[in-house]
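Data block below; observations after.
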Amino acid sequence: MIRLDGAGVTVSLPASGQARTRVLLHPTTLELAERRIAVIGANGSGKSTLLRLLNGLVLPSVGQVRVHGLDTARQGREVRKLVGFVFTDPLAQLVLATPADDVELSLRPLVRDRSERRAQALQLLAGRGLAHVADQSVYDLSGGERQLVALTSVLAARPRIVVADEPTTLLDLRNRDQVRDALAALEQQVVLATHDLDLAAEADRVLVVDGGRILADGKPAEAIGAYLRLVRG
Amino acid sequence: MNLFGLYVPGGTWLHRLGVGWKYLFLLALTVPVLLLALPWPSLAALVVSGLLLASTRVGARLAFALPWALWVLLAVLAGYQLAIERPDLAVVVSANLVTAIYASRLLTLTTPGPVLIDALVAALRPFRRLGVNPERVGLAIAIMVRSVPMLLDTVAQVRQAARARGRDRNLFALVTPVVVRAVGQAQATGAALAARGLGES
Ligand SMILES: Nc1ncnc2c1ncn2[C@@H]1O[C@H](COP(=O)(O)OP(=O)(O)O)[C@@H](O)[C@H]1O
Ligand SMILES: [Mg+2]
């Protein structure tokens, strides 16, 4: 359960020099409880800002964001343990050289014994059909493999919520389907931003963001309809 | 190509040697020659690191090959020393740079990545009193090692941009944009680490 509350959560950049204060998210009150939530909207509409609020990578200028009762501003560390975040570009988030090393890195806080940690990392990769690339350089993997490795690393930390920011935008059709299937199979609550309207249509709830405001919010059919009317007039 | 090389499993004496000793080798091969700045010691260190690297039996290409961007960097550095009529320093600077890479490969080709991090974290523990977070710094250094190929690529790009404006003879004109971009990459990595709750303990 995620809540954006207080007087409405606002994100703004302070004025500096000639630039005036800029509002990235206008006052928003939300309660996110559904298992599958999709966020859609044009480039620059504020999807990433909204998603980054959910794990404290962006903090509200006004209001509070609570994840399972934890305040993202005051309890950021605990919040990030609950919320796994998948970035658009997996290379930005794979911090070590090989899939096995990277998954092992996620397991560091959970498993003290090194050989046990290694074994678990290899097992998690094998579970996603990635055993054969476990010891390759992440630079030598396909886009889909990279994103699946990134997802494996995120899940290794056992988050209760997975937030994914356009996880399939950089992928070709086949890789996109793989990542989609992997996300669909998760037990966790998933909040994802996407330009893939088919993917959004599978969600329980869809939010449409435009100019830093929630323009529509509801069942996929209505919300996607509202988005199409916005774009196509 | 990976500048520092990925771990290659094997059974040679360097594979079995404790990671602490390998870090010491790295320091012993690189720090004295930096301080001495004399051609013969620098060449000797290069030969020793090359012989040690050969003894890891990981294959000549993995052990010795250098990415082309590094050749460019070497040419720029050596060319600069020759231009100011210091052939001795041209030898010293080039040899030291290659020694540093080969000595680092001794470590990274024969030691799994997580072991390198564990060793760094342990070595940094005494500095905790000075406000150093060993877990975070260990991670940061491991990430730096991974991002060196990216940095070399940045150097090559910045150099091209500088050349387009006829400023590639001025090393300082190269350094500033390279640093700015490296900081940008470090910030992106920082966000990714924060999102994974790493380096915060
Ligand atoms: N740190 C920042 N500094 C300045 N502007 C930002 C920053 N983060 C986001 N923005 C701006 O906020 C708006 C929304 O961005 P974002 O949430 O990334 O949109 P989306 O993910 O939908 O493309 C954009 O106009 C973007 O340029
Ligand atoms: Mg975005």
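The values are calculated or read from the model by the stated rules, or taken from the named source; none is laboratory data. Since we're looking at a predicted model, the values are computed, not measured. Quick reminder, even Gly has a Cβ in these numbers, built from the backbone with ideal geometry, and neighbours come from all protein chains shown. When the accessible area is computed, the model is the full protein with side chains, heavy atoms only, and any ligands, DNA or RNA have been set aside. Shrake-Rupley method; radii C 1.70, N 1.55, O 1.52, S 1.80 Å.
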Practice problem: Count, please, the residues in segment A:56-77 that happen to be in contact with a Ser or Thr (Cβ under 7 Å, 6 or more places away or on another chain) and either under 25 Å from residue B:182 (Cβ atoms) or open to solvent by less than 60 Å² (accessible area, probe 1.4 Å) (or both). | Solution: 5
Exercise. State all residues of segment A:83-98 that are touching a residue at least 60 places away in the same chain (Cβ under 8 Å), open to solvent by less than 10 Å² (accessible area, probe 1.4 Å) and among the β-branched types (Val, Ile, Thr); if no residue qualifies, say none.
Key: A:83, A:86
Quiz item: Any idea which residue in segment A:2-19 is nearest to the other protein chains (Cβ to nearest Cβ), counting only those that are within 15 Å of ligand 1 (Cβ to nearest atom) and crowded, with 18+ Cβ neighbours inside 10 Å?
Solution: A:11
Practice problem: For residues that are facing chain B (nearest Cβ under 9 Å) and open to solvent by 10 Å² or more (accessible area, probe 1.4 Å), tally how many sit in segment A:99-114. | Solution: 4
Quiz item: Among the helices (runs of 4 or more DSSP H) contained in segment B:39-135, which hold 2 or more residues that are small (Gly, Ala, Ser) and open to solvent by 20 Å² or more (accessible area, probe 1.4 Å)?
Solution: B:39-54, B:68-83, B:87-110, B:113-124
Quiz prompt | Sole residue being surrounded by fewer than 22 Cβ atoms within 10 Å (Cβ to Cβ) and either on the phi > 0 side of the Ramachandran plot or among the charged types (D, E, K, R) (or both), chosen from A:80, A:22 | solution = A:22
Practice problem: Can you run down the residue pairs with Cβ atoms below 6 Å, 6 or more apart or on separate chains, where the first is in segment A:139-168 and among the hydroxyl-bearing types (Ser, Thr, Tyr) and the partner is more than 16 Å from ligand 2 (Cβ to nearest atom) and assigned to a loop (DSSP other than H, G, I, E, B)? | Solution: A:152/A:128
Quiz item: What number of residues in segment A:26-60 are away from chain B (no Cβ under 14 Å), within 12 Å of ligand 2 (Cβ to nearest atom) and touching a residue at least 40 places away in the same chain (Cβ under 8 Å)?
Solution: 8
